[in-house]
Every structure is written in C-alpha cells, then in structure tokens.
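Beneath this line is the structure, given in structure tokens, with notes to follow.
What follows is calculated from the coordinates using simple rules that are stated; it is not laboratory data. All values derive from a computational prediction rather than experimental measurement. Every residue, glycine as well, gets a Cβ built from its backbone with ideal geometry; the counts of neighbours run over all protein chains shown.
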Amino acid sequence: MAVPRLLAVAPDGWYADRGFAGQLAGFRAATQPLGSGAAVYLRAHGWTLAEWRAQLATLRRPPDLRLGITLPVDVDLPEGSEAISELGVDFVHLTERDADRPMTAWPPLQLSRVCHDPAMARRRWLLGADWLVVSPVFATPSKPNAAPLAAAGLLRATQSVPGRVVALGGITAENAAECLACGAVGVAVQREAWSNAAMLTTSLANA
C-alpha cells in the first residue's frame, strides 16, 4: 500500500456520532480520483485494543476506504500487528507518546509516526515507519503556540526521508500543491478534508 495522498483526520469522538458514516461516504465519493491514495485516520489518545474493537465493530465505512487508528495503549508492534489488522484497519499511527519507541509492523499493516522537527525526521524514520506525518507546516488553530515549519522546514524533512513524508497543519486546497512541491508525498487534513474534499482532491491530482 502506498503512502496516503490525502489523509483525512477525524478528531476524537467524531466516529462515535451517527452521522459519521455519511461523512465517510461523502469523503470517499469526493476522493475517487485518488483511488487508494485517499485514507482516513481515526484519532483517539489512550484507547485500548478492546475499546477500538468495540468502536470499529459498529462503524460503517466504504469497503475501499483505507482506515488507520492511533496505536492502542496496550499493544506493542510487531507483536500486536495481527490483532490490529483483525480490526479491519490498514495502518496505525504513533503519536508523540510513542514516536521515539522502536517499532515495526507486519504487512499488510502499515505504521506512521508523528514528527514536529525536521532534524528528528531521519531518526524517527529509522525507528521503524512506512511514513512520517510532519507538522505543523502552516499556522493552525489546533496548535496556536507551535511555530510553523513553513516550506523551508518541510523541505528539510522531505530531504531526510525522500518519498515518505505526509504534511500536516494548516493544509488547504490552496496550499496542498505547495507541500507536494516541497517533496511531501501527501497531505493530512482535519477540517477541510470533511468540508472541501473535492477541491483538495483536484488540487492534489493536478499537482
């Protein structure tokens, strides 16, 4: 499986809402031109494997939509790869809590790590990952006190890990192509992925 071209981030709790299945269907319909390059990340800090299992058992999603979750707090990799794969997810993401722990996943499960500093990109990549989520690239309300990396910082990160960086933070349909021009393979988007997926798809498909 390739690195996501467009990764939609679902904030904590969204997927517990009955209307979320409709949002997933709408996102998948809008991102069909990206094929398997469209994916969704369900974020929840502190959840166990059992909690994820209960939540995902009732989640309706398009069968061809790639899905990822935050690494369960009671699971280590690669030992827990099979148990996570059985949940029907395609990848797990290591947040800052686990981002410096050596881990790898057994195929077909993939693994991503967060990275906030271009200087640590190579180091975290070598700890085991299929891609790095580098943030914040642009100013974003979700991280008001974090200095944006901007194009120069993103470029340094992508040069450390060529072809394996997904840009996150303040990404819109207007600046998504700029991230790709800096060497990012894809972008991770929270707000606009759910309200403007069609425009994001067009921007990424034409970049």
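DSSP bridge analysis restricted to the range 6-206 gives an antiparallel fraction near 0%, rounded to the nearest 5. Normalised Debye scattering of the range 132-207 at q = 0.12, 0.16, 0.23 Å⁻¹ gives log10 I(q)/I(0) of -0.28, -0.50, -1.00, counting only Cα atoms as equal scatterers and leaving out solvent. In loop segments of the range 30-95 as defined by DSSP, the trypsin sites (Lys or Arg not before Pro) with at most 13 further C-beta atoms inside 10 Å of their C-beta are R60. Rg/Rh for the chain stands at 0.93; both radii use Cα atoms, and Rh follows the Kirkwood definition. Taken along the Cα-to-beta-carbon direction at a fixed 7 Å, the label points for A152 and T48 span 4.8 nm.
Assuming a ≥ b ≥ c are the square roots of the Cα gyration tensor eigenvalues, decide whether the range 22-106 counts as rounded (a/c under 1.5), prolate (otherwise, with a/b larger than b/c) or oblate. Could you put the intermediate results ahead of the total?
Details: a/c = 2.06, a/b = 1.67, b/c = 1.23.
Judged from the Cα gyration tensor, the range 22-106 comes out prolate (a/c at least 1.5, a/b above b/c).
From least to most packed, judged by other beta carbons within 10 angstrom and beginning with the fewest, T31, T58 follow the order T58, T31.
Any chance you could run the full-extension gain for N145 through E174? It's 0.36 nm times the residue separation minus the Cα-Cα distance, nm to one decimal.
On the way: separation 29, 0.36 × 29 = 10.44 nm, distance 2.31 nm.
The N145-E174 span can extend by a further 8.1 nm.
Fully extending the segment from D12 to Q32, taken as 0.36 nm per residue of separation minus the present Cα-Cα distance, adds 4.7 nm.
Taking the Cα centre of the chain as reference, the dipole from Cβ charges on Lys and Arg (+1) and Asp and Glu (-1) amounts to some 340 debye. Each Cα pair under 8 Å and six or more residues apart adds its separation to the average, and for the chain the resulting relative contact order is 21 percent. Taken as Cα centroids, the range 88-139 and the range 180-207 sit 20 Å apart, rounded to the nearest whole angstrom. Helices in the chain, meaning DSSP H runs of at least 4 residues, each add -39500 (n - 2.57). Divided by all residues, the mean residue ellipticity at 222 nm is -8000 deg cm²/dmol. With Cα atoms as the point set, the range 96-169 shows a radius of gyration and Dmax of 12.2, 37 Å. Legend: ranking of residues H93, H116 from fewest to most surrounding C-beta atoms inside 10 Å; resulting order H116, H93. One decimal place: the segment T58-M199 gains 47.8 nm when fully extended, by the rule 0.36 nm per residue minus the C-alpha distance.
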